Structure formats: structure tokens, C-alpha cells
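Single-structure report; data block below.
What follows draws every value from the coordinates through simple rules; no lab data is involved. Just so it is clear, the structure is predicted and the values come from calculations on it, not from any experiment. Because the Cβ atoms are built from the backbone with ideal geometry, glycine has one as well, and the counts that use them run over all protein chains shown.
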Amino acid sequence: MKSYKWILTGVLLAGLCGCYKPYDSRVNVAPGVRGDTIENNIIVRPIGNFVSVVIGQGVQIDNIIERRSPEGFLELQVDGHNNSVKKKMFDYRVEWLDANGMTIDSIMTKWRTVSAMPKSSFGFKAIAPNPGAVDYRINTRQNKITN
């Protein structure tokens with residue numbers, strides 16, 4: 001009888017874990033579209049969702065890449081990851097600063113919305129309004145429409 005329990009346990013574990021195939025993280029395939037994986041399994045998913053909600057997982061910024069365009073404008077590329085099991089929408093605004101640390105006024109300094117799909121990477125770009133920008137501040141806030 002004990003051997004049957006071990007065989008049944010082995011078959012269940014193979015069924016849960018055997019079909020796992022990592023995919024390219026640059027492509028976000030929604031849970032209803034992709035095949036069943038260990039993190040999307042109908043048995044395991046409610047536990048992962050509960051843990052994600054309880055510990056308050058959200059968005060993190062992983063990397064900011066800066067460069068100067070050939071015309072002299074400061075450009076930013078911000079890369080991040082949504083650790084939550086829910087889509088996160090948030091607003092961001094880049095404040096550009098001159099060599100003295102003063103804010104450069106521009107009509108381009110406005111709140112913009114980013115949508116980060118569940119458990120996936122996201123990114124956005126920003127370009128300074130004039131070549132005099134040497135630094136920046138990025139502010140975020142909750143999106144008023146979705147939250």
C-alpha cells in the first residue's frame with residue numbers, strides 16, 4: 001500500500017512540474033492564453049495569488065539607462081518589473097534639472113501612464129525638453145483611473 005502512495009505522489013509531481021518550460025521574458029503571454037505551468041497551475045495559482053496580495057507585491061525599478069542624443073538631449077530608458085499577480089497601472093513624471101539644479105519648465109513635464117502586466121517586465125523612455133538638462137527626478141503616483 002505504501003508503494004502505491006509513493007507512485008501516486010511521483011505521478012502527481014511529474015504532472016505538476018514536468019510541463020514547465022521557461023519562455024522569453026520579453027514576451028508577456030496572458031494566463032488564459034499560455035499553457036499551464038507551475039506558476040500558472042490551477043492548483044498552485046490561488047496560493048501564489050494569496051501570497052502576492054498579502055505581502056503587497058508591486059512594481060520595482062530595475063535599471064535606468066542614460067545617454068545623450070546626437071543633438072545633445074538627455075535620454076532615459078527606465079526598465080522595471082511588476083512582481084504582482086495583477087496588472088499595475090501607475091503614473092510617472094520626469095522633472096528635468098539644469099546644471100544649477102533648477103527645474104526646467106516645459107509642457108513635456110506632465111504625468112504619463114504606464115501599464116505593467118502581471119509578473120512581467122515593463123519599460124518607458126523620456127527625453128529632456130532641451131540640451132541644457134543635465135539631471136532629472138522621476139516621480140510616481142497611483143493611477144487615479146484604475147485604483
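Numbers below:
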{"quantity": "Residues with amide H under 5 Å from that of Val134, placed H, sequence gap 5 or more", "calculated": "Leu97, Asp98, Ala99"}
{"quantity": "Net charge of Cβ neighbours under 13 Å - reference Asn130; Lys, Arg +1; Asp, Glu -1", "calculated": "-3"}
{"quantity": "Shape call, segment 57-147: gyration tensor on alpha carbons, a/c limit 1.5", "calculated": "prolate"}
{"quantity": "Under-5 Å amide H pairs with Phe122, H placed in peptide plane, nonlocal only", "calculated": "Gly80, His81, Asn82"}
{"quantity": "Local electrostatic count at Met108 - Lys and Arg +1, Asp and Glu -1, tallied over other residues with Cβ under 13 Å", "calculated": "+1"}
{"quantity": "Estimated FRET transfer efficiency when R0 is 35 angstrom, pair Ser120-Phe73 (beta carbons, to 0.05)", "calculated": "0.75"}
